[in-house]
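Report on the following structure.
The values are calculated or read from the model by the stated rules, or taken from the named source; none is laboratory data. Here the structure is a predicted model, which means the values were calculated and not measured. Neighbour counts are summed over all protein chains in view; Cβ atoms, including those assigned to glycine, are modelled from backbone coordinates with ideal geometry.
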């Protein structure tokens with residue numbers, strides 16, 4: 001949805017093929033955004049929509065260590081606790097304000113590309129003709145496979161069950177660590193008050209349990225969840241009425257190329273990794289923002305097609321810290337080294353529901369020595385007035401300029417899926 005919005009804002013005609021019947025998700029899924037993603041949303045003028053419904057958490061975890069984020073050089077020195085089900089609802093509401101065609105309830109079954117575009121086949125029997133096709137169809141991407149793009153990486157060394165259920169017995173909310181791994185029980189509804197996570201008195205329970213052995217690739221059942229809970233807690237708390245049950249692991253893969261001719265990849269289609277820590281959703285949003293303006297420039301004929309190659313050059317090296325934890329010093333995969341990141345579960349909540357406040361990040365701040373061929377450290381330009389009578393923030397000035405530039409061209413028919 002983010003990429004569709006980027007293209008629509010640039011006056012490029014765009015279409016989305018969505019396999020779900022609507023934007024509603026089964027389960028809450030991912031738990032929020034990190035600072036950089038909030039900055040990106042702020043640049044589009046929609047950050048307040050998410051902030052209004054989320055919970056600000058000014059601390060993040062590295063394994064079991066809590067790091068205070070208050071001194072980060074950003075206007076958003078915090079993570080935002082907001083379930084993905086709400087995030088997608090907000091994005092869908094934004095998309096509805098833009099000229100985006102969405103084909104719900106069908107998926108891409110095949111395509112053929114030529115020198116001028118891509119013919120796309122849909123599962124409902126329909127067809128689309130587009131100048132470019134972007135696969136955002138997940139880790140098992142049909143588009144990536146059909147494009148012949150390799151997806152190297154390694155399989156799972158640890159797996160977890162995650163679910164949203166009702167419980168008759170009152171569970172002990174919070175984190176638990178044992179020889180098996182990290183586990184957590186929390187309520188879906190919560191607030192952050194004076195640094196403490198305060199759960200609602202009733203409502204569904206979100207469960208995350210580490211499995212003693214790597215689980216199968218089949219869909220988990222309520223019985224699987226019950227057995228896992230009994231192994232860890234000695235009881236399954238009489239779970240019933242599950243709204244969602246799924247399994248995730250530390251399997252990590254990345255597309256060998258983010259582009260094959262007129263076909264490109266973004267989000268989970270391009271990279272999958274251990275999701276504990278919450279980087280996945282933000283990476284997908286930032287993929288979309290990097291690719292969107294470039295694709296618009298090329299479609300409108302403002303820039304050469306070679307501009308699209310910079311999308312791979314810039315985004316392929318971006319690997320989340322949890323994925324990097326798998327790598328040895330020589331870059332070879334060493335599965336199993338990212339598991340300490342599981343302490344990030346429950347959006348920074350402490351073992352007894354308290355958001356830790358004390359640990360500082362000063363001594364963990366990385367150094368960025370300049371060296372031949374290296375890049376300068378990433379930094380945000382300070383806020384400044386654009387003129388003696390203009391008090392706007394610098395990002396507001398940039399947003400205004402961007403809209404003028406992207407809105408200069410007349411709409412033309414292309415497509416994105």
For region 108-119, which residues satisfy the criterion of being surrounded by 14 or more Cβ atoms within 10 Å (Cβ to Cβ) and either in contact with a helix residue (DSSP H, G or I) (Cβ under 7 Å, 6 or more places away or on another chain) or not in a loop (DSSP other than H, G, I, E, B) (or both)? 108, 109, 111, 113, 118, 119
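Of the residues 182, 209, 197, which single one is at pLDDT 95 or above and under 24 Å from residue 79 (Cα atoms)? Quick ask: steps written out before the conclusion?
Working: 182 fails: at pLDDT 95 or above; 197 fails: at pLDDT 95 or above.
So the residue among 182, 209, 197 that is at pLDDT 95 or above and under 24 Å from residue 79 (Cα atoms) is 209.
Within the group 204, 212, 171, which residue is in the same structural domain as residue 234 (by TED's automatic domain parsing) and over 26 Å from residue 26 (Cβ atoms)?
Working: 204 fails: over 26 Å from residue 26 (Cβ atoms); 171 fails: over 26 Å from residue 26 (Cβ atoms).
Of the residues listed, the single one that is in the same structural domain as residue 234 (by TED's automatic domain parsing) and over 26 Å from residue 26 (Cβ atoms) is 212.
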Restricting to region 174-190, give me the number of residues that are in contact with a strand residue (DSSP E or B) (Cβ under 6 Å, 6 or more places away or on another chain) and either in a loop (DSSP other than H, G, I, E, B) or not assigned by TED's automatic domain parsing to the domain that holds residue 239 (or both). 3
Per the filter on region 92-106, residues touching a helix residue (DSSP H, G or I) at 6+ places or on another chain (Cβ under 7 Å) and either buried (at least 16 other Cβ atoms within 10 Å of the Cβ) or closer than 15 Å to residue 42 by Cβ (or both) are 94, 95, 100
Out of the residues in region 250-262 that are under 17 Å from the mean Cα position of the chain (by Cα) and surrounded by fewer than 20 Cβ atoms within 10 Å (Cβ to Cβ), state the one that is modelled with the lowest pLDDT. 251
On the given criteria, is residue 264 assigned to a strand (DSSP E or B), under 21 Å from residue 140 (Cβ atoms) and in contact (Cβ under 8 Å) with a residue 40 or more places away in the chain? yes
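If you go through region 214-235 one residue at a time, do you hit one that is touching a helix residue (DSSP H, G or I) at 6+ places or on another chain (Cβ under 8 Å), surrounded by 18 or more Cβ atoms within 10 Å (Cβ to Cβ) and modelled with pLDDT of 95 or more?
Step one: of region 214-235, the residues touching a helix residue (DSSP H, G or I) at 6+ places or on another chain (Cβ under 8 Å) are 215, 235.
Okay, now just the ones that are also surrounded by 18 or more Cβ atoms within 10 Å (Cβ to Cβ), so 215.
Those still in the list that are modelled with pLDDT of 95 or more too: none.
No, that holds for no residue.
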